[in-house]
Structures are given as C-alpha cells and as structure tokens.
Ligand SMILES: C[S@@+](CC[C@H](N)C(=O)[O-])C[C@H]1O[C@@H](n2cnc3c(N)ncnc32)[C@H](O)[C@@H]1O
C-alpha cells in the first residue's frame, strides 16, 4: 500500500530531538525560554481570583518560572505544588521561593503521584510530544480528586515550525478529554496576552465521576499505519460498553474509556483476529 501524507506525519515528532529532561534543562541554561510571559497569565489570574478555598490543593505541572504560583502564594493559598523536569529551573525556583509555603518538585509529571483539587495548564500540553496526549489525559484524570478540575489554556492553532510548541484544535481536544471530563469551558480566550490573542482556548474541565477502572491506558503493538489504526479503533468501539478508544500518534498506546464490566481480555479479543496486534497494561 502506498503511504499517504498522514502516514508520514503520524510519527514526525519521534524523528526529532527527544524532548527529555536534558532538552528542557538546556533551554533554561541557554536562556531559550520564548514561552515565558514574565508575569501571571491574565486568564489564569482571573480564574484564580474566583477561588474561595485558599487551602485547596493545586498542582502546576511543567511550571517553568511559575508566576501563577507566586500569585497564589501572595494571595494566601497554602497548598500549591510545582513540578518541572528541568533541574536548573527547579534550583532557581527553590531559591526564589525560599521558605514560602509551596512544594517544589523536580521530576517528570508522568511519574508524579498525588491527588489535587485543581491542576493548572499553561503551555505544558503544547510542550509535549503529541504522542503523549492520551497519556496526559489519563494522568490528569488520575491526579485529580473526584470533582477536581483541569483549568488553563490550550492552543487552538497549528504552528508552521515543528514543535515544541505543538499546535492543536478544539475538535481534537473535545474528542480526547470529553469521555473523562465534563467540559465546563472550552472557549476562545478573550483575555490572552496580545501575542496569543485569538489562538488560545480557555479550558475548565471537571473530572467525571466514572466507576473505578473505567479509564485504561495500554501499550499497543502491531499498528503500522493510519489504516490499521482506524480499523483497530473501530474494533474496540464495536464492543458494547466501550465509550471511547484513542490510539496515539506514534501507534504505541491506546486510551480506552469503558464500562468496568469490560475485561482486559475482552479488549484483547477484539483485536485478536491478527496475531501481530498486542495489548499490554501500562502504568500511569
Ligand atoms: C513551554 S515550557 C512552559 C513553562 C511554564 N508553564 C510557562 O508557561 O512559562 C514547558 C515546561 O514543561 C517542562 N516539562 C517538559 N516536560 C516535562 C515533564 N514530562 N514533566 C515535568 N515538566 C516537564 C519544561 O521543563 C518546561 O519548563
């Protein structure tokens, strides 16, 4: 079969520079931080101003210089956690925040464990390889308490150059998040900083109260093109009780939201017609 443009694009980011701790640390060491607003993001500030409970637990992943955290501390919030993968940045943050009541973690968001009322998204999602989008959604779901919210900004545009930042669009975000989150807001943001005005969505998503074991992320093998990606997705969706199935852009993981009555064996059987397809549990 001839490759289509979509086949070539599907794994484009895996051919580039690995976006690992070393990459991000170098950005800070070399002062290449074009994303840095130098101030609290206005739409996020407006949202933070509406929160009454100053003891609610807040996580800011991929926090960068964390102006939002400084704002929270200044306004009496007592339970703020920051996590970033760059050691240089984290050292600076620890110096800057001194003995302020704030938890500053050096580490990978995807390995973090915790339970939060609110997670703030600010140019973290767009910094990730798009093949991590399904893992990001599953991780956010896991880290939020029941009724907890993911709030912040997502780009609603494509970028000309290969990312980061990586672009995205509202339809795709809806498909990704709506099986697990009630989308209270996903609207064009009117209070973005000038250079981003018209290109950001303000999001406020509330974790749905799904039964335990409804959200599952698997390692998947055997998919080699967008054609089999489509067919295998449909196989999962054909099972009664499967609400959504999304295979990631490099065909290595699948996010499934389903009834807890569906067993992992049911899911394996749905793709067992060809031995090349494999499904294995993976940790979130
Ligand atoms: C584009 S910057 C945004 C920083 C900050 N949110 C802002 O808006 O200024 C992305 C940040 O995510 C961090 N990062 C990237 N991958 C990460 C991961 N897996 N876990 C934690 N932090 C990560 C980077 O070190 C960087 O600080």
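Structure summary
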item: Fully extended contour minus Cα-Cα distance, from residue 169 to residue 272, at 0.36 nm per residue; result: 33.8 nm
item: Shape of the stretch 166-242, Cα gyration tensor, a/c cut at 1.5; result: oblate
item: Separation between Cα centres of the stretch 216-251 and the stretch 105-119, rounded to whole Å; result: 27
item: Global form of the stretch 143-284, assessed from the alpha-carbon gyration tensor, a/c cut-off 1.5; result: oblate
item: Using a Förster distance of 22 Å, the FRET efficiency for residue 75-residue 142 (Cβ separation, nearest 0.05); result: 0.20
item: For the stretch 215-281: Kirkwood Rh in Å [reciprocal of mean 1/r, alpha carbons]; result: 11.6
item: Length added when fully stretched, residue 240-residue 206, from 0.36 nm per residue minus Cα-Cα; result: 9.7 nm
item: Residue 185 paired with residue 33, simple spin-label distance in nm, labels 7 Å along Cα-to-beta-carbon; result: 2.6
item: Cα-based helix-to-principal-axis angle, 133-143 vs the chain, degrees rounded to 10; result: 60
item: FRET efficiency for residue 230 and residue 264, using Cβ-Cβ distance with R0 set to 22 Å, rounded to 0.05; result: 0.50
item: Cα-based shape type of the stretch 12-207, given that a ≥ b ≥ c are square roots of the gyration tensor eigenvalues and the cut on a/c is 1.5; result: rounded
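None of the figures in this text is laboratory data; all of them are computed from the coordinates on show. Quantities reported herein were computed from a predicted structural model and do not represent experimental measurements. Virtual Cβ from ideal backbone geometry, glycine too; neighbours counted across all protein chains shown.
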